[in-house]
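Written out below as structure tokens is the structure these notes cover.
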Amino acid sequence: MDLFDEDEEPRLNGDEAQSRRLLSIAIFFQNANGPVTSDEVAARFYGPKPSATIERSFNRDRKRLALCGLVITDVGHGSDHAWAVDKDASYLGGSSLSDEDAAVLEVACRPLVSDPSFVYRDELRLALAKVDRCFSGTRFRESRGTSRLDRRSEALVASFTSRTPVDVTYRDARGREGKRRLRVYGFFGLRGRNYVVAARMDADGSTSSIRDYRCDRFSSVTPVKDQTYEIPEDFFVEDHIFLPFQIGPTTTQACFLVAPEDEARVRGEACGWGSWTKEGDAIIWRVDVSSVDIAASWAIAEAIRPLSPVELVDTWTRALEGVASDARN
Amino acid sequence: MSHGQGAGNRGRKGGLERLRELLAVLGSLDDANDEVSPTALASRFDISEDQAKRLIYLLTTASDESGSWLPLYLTDEEGVALCSSDSTRGRPCRLTISETMALMSALDQIGVPTSDPARMAVSHSMVTPGVDQEEVERLMAPQGHPSTARDLDVCAKAILDGKVISMSYRGTADAEPRVRRIACHRVRHEEGTWYVDATDMDSGGERTFRLDRMGNVTREDMMARPATPESATHSRTLTVEFDDVRYLDSLAWPGLRVTSRTDGHVTAEIPYYGGDWLPRHIAACGGTARADDEQVMAQVRRIAMDELTRARPATSR
């Protein structure tokens with residue numbers, strides 16, 4: 001494709017044509033020497049149409065540009081409209097990031113753009129494009145492989161950002177599908193999956209149970225128009241990130257022995273759960289458990305050793321004996 | 001905090017996404033000779049080079065009825081650059097609310113403290129006023145440790161300037177940490193763990209290092225050999241059979257791809273980089289999972305026997 005060959009002008013699809021039109025409006029307002037009258041806006045971008053139609057179109061276009069970070073506002077008086085970029089809301093203020101720091105941020109944050117368990121990856125991709133404004137050179141030649149958010153996850157993120165409730169269809173772990181209205185309170189990623197923490201809304205508008213939902217189990221997500229909500233100030237998403245053996249009611253407390261060289265790693269995996277003590281040379285982690293089977297398996301995977309209760313130690317031992325028996329035979 | 005950006009205000013995703021990309025690129029064209037190449041655009045927006053060229057085409061042809069074009073010239077890289085900053089140009093825009101939350105959440109996850117100078121510069125100049133940092137932490141699950149941010153910073157700088165880093169590293173086969181010098185090619189984040197793909201300068205081999213096992217990470221003056229990211233990750237793919245699918249949900253399996261699923265039995269492929277991570281996870285399935293690699297399965301059995309041997313005195317306490 002030759003960029004400046006008029007004979008080779010590509011056919012633009014609807015999205016591209018609209019984007020170029022809005023880009024033109026953005027370039028114009030960014031370079032305007034002062035406020036622009038509605039008549040001039042109409043003449044430059046909307047052609048001969050009824051003024052009410054132009055006003056509607058321009059308002060819609062301003063909303064779209066605001067979603068990109070460019071806020072065009074009315075600075076006129078009364079019915080004498082005059083339009084200009086809201087510089088405080090739109091443009092960078094204060095001392096900006098150095099080019100080197102911006103590049104370092106881009107390289108360090110970039111892996112999260114490709115991480116399917118980082119629910120804000122699409123927004124981060126666009127944020128980094130504004131932070132590091134280098135779009136040339138060779139440092140971007142690495143392989144790609146970003147997995148974009150699916151439409152339903154994107155709708156959940158949008159609902160969270162705008163604090164708009166959503167009507168959803170959700171399939172639970174047993175495969176049962178049900179409809180409910182949710183207020184999204186937060187997100188987290190775990191074991192390669194995205195989870196949303198949400199409060200269920202009852203018919204009277206009150207909220208009941210707050211629980212975790214797997215983003216890939218929603219089959220529909222529809223925003224509820226003209227409603228917003230607040231997230232309780234005592235809500236912390238970390239309180240809802242459970243370890244795999246903590247799903248369901250607590251049945252026992254487990255005590256694990258952790259090797260000193262593994263402490264930092266296991267603390268990271270533990271997501272803040274449980275208590276840590278040093279007893280002699282031993283590092284002990286005590287944590288609530290719902291499923292002894294899964295706790296035993298998790299302990300093997302993380303190279304930590306259960307000390308109590310006996311039921312957990314026995315389950316852990318049986319699992320290992322099942323694996324080791326092949327070697328003895 | 002205002003929450004005006006909602007699903008109700010969103011147009012079609014494709015159109016709005018293109019527009020957001022275009023405005024980000026426009027913001028980079030504010031000085032003479034600022035350049036945009038299709039290669040960089042394709043990489044940063046995860047689009048094809050053809051799509052990147054179409055974005056550049058939209059930039060070059062944007063105008064109003066009287067034709068106020070951006071003054072651009074063609075570059076050697078099939079991109080464009082701004083002729084002059086004295087006429088029409090772009091202006092960089094602030095991050096939107098959702099972009100701000102995404103960036104703050106990413107910095108939290110990496111472990112960058114709010115007192116970090118670069119983070120403060122972003123907070124002061126780029127983010128949307130009114131986004132509450134404490135609220136982001138409360139709702140977006142910060143996980144990172146400051147040491148992760150510090151080591152990532154060193155690795156990122158080494159990637160950018162091509163310098164070697166030295167570190168002490170305890171690999172899965174090492175009894176004690178030992179000093180290594182590596183040329184970083186890229187960093188990755190999978191299942192909550194940060195990895196560095198690099199060339200080991202002493203052995204010459206391509207290796208993957210876990211960031212949380214790296215200590216005393218220091219950037220040296222020595223230049224690394226040219227990066228070869230295409231060959232940086234030397235892994236082989238194993239097939240693993242699962243007789244109990246619960247373990248697919250309860251344990252982390254980075255890169256696993258299910259290839260068939262029948263009546264509670266799952267066959268999957270997973271990359272294996274060496275070490276005992278994968279054997280240990282297979283052992284954690286209690287004999288209900290098998291890999292198609294006899295060496296790996298021998299390691300699975302050895303791990304189980306070693307654990308049982310070591311456990312006898314400990315669990316009898």
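The values are calculated or read from the model by the stated rules, or taken from the named source; none is laboratory data. Just so it is clear, the structure is predicted and the values come from calculations on it, not from any experiment. Counting neighbours? That spans all protein chains shown, and the Cβs are built from the backbone with ideal geometry, glycine included. With ligands, DNA and RNA removed, areas are computed over all heavy atoms of the protein, side chains included. Shrake-Rupley method; radii C 1.70, N 1.55, O 1.52, S 1.80 Å.
Going 7 Å from the Cα of A:T37 in the Cα-to-Cβ direction, what parts of segment A:67-92 have a backbone nitrogen less than 16 Å from that spot?
Counting backbone N atoms under 16 Å from the label point, the list is A:75-84.
For B:S84, tell me the accessible area in Å² from a 1.4 Å probe, rounded to the nearest 10.
For B:S84, the solvent-accessible surface is approximately 30 Å².
Helix B:13-28 versus the longest principal axis of chain B: what angle, 0 to 90°, nearest 10, using Cα atoms?
70
For a 25 Å ceiling on Cα separation, which of these pairs sit above it: A:K63/A:K225; A:K49/A:K130; A:K63/A:K87?
A:K49/A:K130
Sum up the charges of everything whose Cβ sits under 14 Å from the Cβ of A:G248, counting Lys and Arg as +1 and Asp and Glu as -1, but leave A:G248 out.
Charge balance near A:G248 sits at -2.
Counting each DSSP H run of 4 or more residues in chain B as -39500 (n - 2.57), what helix-only mean residue ellipticity at 222 nm follows after dividing by all residues, to the nearest 500 deg cm²/dmol?
Only helices count here, giving -11500 deg cm²/dmol.
Which order do you get for A:I247, A:I54 if you rank them by accessible area with a 1.4 Å probe, largest at the top?
A:I247, A:I54
Please compute the average number of Cβ atoms from other chains found within 10 Å of each residue's Cβ in peptide A:85-91.
3
In whole percent, what relative contact order does chain A give with Cα contacts below 8 Å and a gap of six or more residues?
The normalised contact order for chain A reaches 9 percent.
Expressed in nm², what is the orientationally averaged projection area of the convex hull enclosing the Cα positions of chain B?
23.7
Determine the dipole magnitude for segment A:120-264: charges of +1 sit on the beta-carbon of Lys and Arg, -1 on that of Asp and Glu, nothing else is charged, the reference point is the Cα centre, and the result goes in debye to the nearest 20.
Roughly 900 debye, rounded to the nearest 20.
Using a 1.4 angstrom probe on the protein heavy atoms only, line up A:D167, B:D293 by accessible area, largest first.
Order by accessible area, largest first: A:D167, B:D293.
For Cα pairs less than 8 Å apart in space and 6+ apart in sequence, what is the mean separation divided by the residue count of segment A:244-328, i.e. the relative contact order in percent?
That works out to 37 percent.
Would you mind checking the tilt of helix B:294-315 against the longest principal axis of the Cα atoms of chain B, expressed as 0 to 90 degrees and rounded to 10?
Here the helix axis deviates by roughly 70 degrees.
Any idea how far apart B:M120 and B:S85 come out in nm if each label point goes 7 Å out from Cα toward Cβ?
2.6
Using a Cα-Cα cut-off of under 15 Å, which aspartates and glutamates could be cross-linked to A:K278, ignoring same-chain neighbours fewer than 8 residues away?
The reachable aspartates and glutamates, counting only those whose Cα sits under 15 Å from A:K278, are A:E261, A:D262, A:E263.
I'd like to check one number: the per residue accessible area of chain B, probe 1.4 Å, reported in Å² as a whole number.
Accessible surface, normalised per residue, equals 42 Å².
Which values of log₁₀ I(q)/I(0), to two decimal places, follow from the Debye formula for chain A at q = 0.07, 0.08, 0.09 Å⁻¹ with a uniform point scatterer at every Cα?
Log10 of I(q)/I(0), two decimals: -0.49, -0.62, -0.75.
Just counting partner chain Cβ atoms within 10 Å, what average do the residues of peptide B:82-92 show around their Cβ?
3
When the dipole is taken about the Cα centre of the protein assembly as shown, and only Lys, Arg (+1) and Asp, Glu (-1) are charged at their Cβ, what size is it in debye, to the nearest 20?
It comes to approximately 1380 debye.
For B:R246, B:R213, B:R44, write out the residues from largest to smallest accessible area, computed with a 1.4 angstrom probe and no ligands counted.
B:R246, B:R213, B:R44
If Lys and Arg each add +1 and Asp and Glu each add -1, what is the summed charge of the other residues whose beta carbon sits under 10 Å from the beta carbon of A:N31?
Cβ neighbours under 10 Å give a net charge of +2.
Counting pairs of alpha carbon atoms under 8 Å apart in space and at least six apart in sequence, what relative contact order in percent does segment A:149-280 give?
Relative contact order of segment A:149-280: 23 percent.
Given the -39500 (n - 2.57) contribution per DSSP H run of 4+ residues, what per-residue ellipticity at 222 nm results for chain A, rounded to the nearest 500 deg cm²/dmol?
Result for chain A, helices only: -11500 deg cm²/dmol.
How large a share of the accessible area of segment A:244-328, in percent, is made up of carbon and sulfur atoms when the probe is 1.4 Å and the other protein chains stay in place?
Carbon plus sulfur share of accessible area: 49 percent.
Roll a 1.4 Å probe over the protein chains and send me the accessible area per residue for segment A:14-131 in Å².
41
Express the carbon and sulfur contribution to the solvent-accessible surface of chain B as a percent, rounded to the nearest whole number, probe 1.4 angstrom.
Of the solvent-accessible surface of chain B, carbon and sulfur hold 46 percent.
Label-point separation (nm) for B:N216 and A:D234, each offset 7 Å from Cα along Cα-to-Cβ?
Here the answer is 4.9 nm between the modelled labels.
On C-alpha positions alone, give me the angle between the axis of helix B:97-110 and the longest principal axis of chain B, in degrees, nearest 10.
30
Roughly how much of B:E294 is accessible, in Å² to the nearest 10, using a 1.4 Å probe?
Accessible surface of B:E294 is approximately 120 Å².
Could you state how much accessible area is buried at the B-A interface, both sides summed, with a 1.4 Å probe, in Å² to the nearest 100?
12100
How high is the FRET efficiency between A:T252 and A:E177 when r is their beta carbon distance and R₀ equals 35 Å, given to the nearest 0.05?
Taking R0 as 35 Å, the efficiency between A:T252 and A:E177 is 0.60.
Taking 0.36 nm per residue of sequence separation and subtracting the Cα-Cα distance, how much length would be gained by fully extending the chain between B:H265 and B:S168, in nm to one decimal?
That pair, B:H265 and B:S168, stretches by 30.7 nm at full extension.
For B:295-307, what's the mean count of beta carbons from other chains sitting within 10 Å of each residue's beta carbon?
Rounded to a whole number, the mean comes out at 4.
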